[in-house]
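Working notes for the structure below.
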């Protein structure tokens, strides 16, 4: 993890404080996947609330390797569990909310490890649900917009009850199909055991807490900018995506945890981030004052879906509003890492 500008980061974290989220104070939470972009940013926000606003949130994290840490948080009170989510999970303390963000989440990982990708999402989620059943916790599952597959003709954006075509015999389907199965597992545990659970379907989330190994195109663009390198696109970048800044996503996850209806799924997307991949690249290049170039090749990685725009009306009905528009998020990402 790259070094953050503390003052800039804390200023950005302060923008997503909302009185409607005060109920998370004095609660006990578990975050899986706390080294990832979403799980790690959620951890940072809760740590910030504890450190700067005395929120008294008791935090446990489950990571499969050593926790990546900033130099401006006190991690002494953090309960760190190092193991795979596919192994049985045993925690002594009570847990009010489980934020389940552990997953392989980029194309290279799907390509190299389709079996592991599937098992993390299915077996891992089952282990989380077993823990929730024991602890009477509410599960907030970080799913994916890829559960939707291809949009039906004539539709401009996905709402939560849309489900399009996915080629289930493609190894690339390991991610989208296992996310679908995990959501179904949650519904099954709700019906059979009375567990509480909701699914979060994030748009294309970007921000400063990315993994260096992440092979997604937007992450490569950010790294190019930070290294003062030209952005080189391997395709025309005509795919439409809903991009959302990670801190808006963190705030949305907490709204869903505290106010979301049991058994429901909620999209997380920005009103201003519905752009083509090339637009994201151009915005990054302009912000960093580097060039955008094209070296077109016959084969590129990533999702085969050309239109992945998400409706956020259901999320907004909970009271959530984005704090960072598209341009703000791009600038913030680079400024925090400057």
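Observations, loosely collected:
- Burial order of peptide ranges 23-31, 119-127 (average beta-carbon count within 10 Å, highest first): 119-127, 23-31
- From largest to smallest, the equivalent ellipsoid semi-axes obtained for the chain from the alpha-carbon gyration tensor read 29, 24, 19 Å.
- The separation of the range 184-211 from the range 1-43, counted between C-alpha centres, amounts to 18 Å.
- Sorting 191-198, 140-147 by their mean Cβ neighbour count within 10 Å, with the most densely packed peptide first, gives 140-147, 191-198.
- Share antiparallel - DSSP beta bridges, the chain, percent rounded to 5: 10 percent
- FRET E, pair residue 215, residue 338, Förster distance 25 Å, beta-carbon r, rounded to 0.05: 0.60
- The packing ranking of peptides 54-65, 243-254, highest mean first, is 243-254, 54-65, where packing means the average number of other beta carbon atoms within 10 angstrom of each residue.
- Footprinting exposure proxy for 308, 11 (fewest neighbouring C-beta atoms within 10 Å first): 11, 308
Values quoted throughout were computed directly from the atomic coordinates according to the rules given, and no laboratory measurement underlies them. These figures come from a predicted structure and were not determined experimentally. As a convention, Cβ positions derive from the backbone with ideal geometry for all residues, glycine included, and neighbour counts pool all protein chains shown.
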